[in-house]
Amino acid sequence: QGLLSWREGFHEKTVELLKYQAERREWDWEPMFYLGFNLFFYLNDTQQAITYLQAGADRPGAPLIMKTLAARLLHRSGQTLTAIGFLKTMMEQAEDEPTKAIYAKRLEAYMGVYELEQAVQSYHTNYGRYPSVLDELVKNGLLKIIPQNPFNEQYFYDSDTGRVFFDDVR
């Protein structure tokens, strides 16, 4: 991972080697993490990246970041509801309260995103365009209020695509 993946023309070979390692080291989350990263970053294969990150997140000792990254990629690929389900499962399996609290906060953020996405799609269906700002959803009766972002910021909204994010990393 440290050498081959960064060299032009070796991305596919690195993925092949990491898959080989991941199959033989069933207890090790790291090959799955690097597979997910390489598939997403170098090969632009978000769906396969998600698959490996999710599988790796279930392996012993997998760090919290791996689990939240899988949820983030799910959302970024238009699968917010799947991200919510994944985080719910991770939260239920968490063994300590601080980890559960981290998942709960992210889950709340994605629930808000999903509510806003549904309202944005309804707006688009009704008006033939995406709203310019999220406040139009309230003004037009599609929402009573804009859900609160648990990360103490407003939700980020791209009016060109109708996509909603709880952070500004797109």
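The values are calculated or read from the model by the stated rules, or taken from the named source; none is laboratory data. Just so we're clear, the structure is a prediction, and the values are computed from it rather than from any experiment. Using ideal geometry, Cβ is built from the backbone for each residue, glycine included, and neighbour counts are taken over all protein chains shown. Just so you know, the surface numbers come from the protein's heavy atoms only, side chains and all, with ligands and any DNA or RNA stripped out. Shrake-Rupley method; radii C 1.70, N 1.55, O 1.52, S 1.80 Å.
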(message) Looking at 98, 150, 131, 60 in this structure, which one is modelled with pLDDT under 95 and either touching a strand residue (DSSP E or B) at 6+ places or on another chain (Cβ under 8 Å) or surrounded by 15 or more Cβ atoms within 10 Å (Cβ to Cβ) (or both)?
(response) 150
(request) Report whether or not residue 115 is open to solvent by 70 Å² or more (accessible area, probe 1.4 Å), assigned to a helix (DSSP H, G or I) and not aliphatic (A, V, I, L, M). (result) yes
(request) Search the range 98-115 for residues that are over 20 Å from residue 79 (Cβ atoms) and pair each with any residue that is open to solvent by less than 20 Å² (accessible area, probe 1.4 Å) and aliphatic (A, V, I, L, M) when their beta-carbon atoms are under 8 Å apart and the residues are at least 6 apart or on different chains. (result) 100/94
(request) Give the residue that is modelled with the highest pLDDT, with candidates limited to residues of the range 63-93 that are within 18 Å of residue 105 (Cα to Cα), open to solvent by 40 Å² or more (accessible area, probe 1.4 Å) and of a type in the set (Ser, Thr, Tyr). (result) 82
(message) Could you check the range 44-89 and list, in sequence order, the residues that are assigned to a helix (DSSP H, G or I), in contact with a helix residue (DSSP H, G or I) (Cβ under 7 Å, 6 or more places away or on another chain) and of a type in the set (Ser, Thr, Tyr)?
(response) 46, 52, 68, 80, 82
(request) Can you run down the residue pairs with Cβ atoms below 6 Å, 6 or more apart or on separate chains, where the first is in the range 67-88 and touching a residue at least 60 places away in the same chain (Cβ under 8 Å) and the partner is part of a helix (DSSP H, G or I) and open to solvent by 10 Å² or more (accessible area, probe 1.4 Å)? (result) none
(request) Being open to solvent by 90 Å² or more (accessible area, probe 1.4 Å) and in a helix (DSSP H, G or I) is the filter; apply it to the range 14-43 and report the residue that is nearest to residue 77 (Cα to Cα). (result) 41
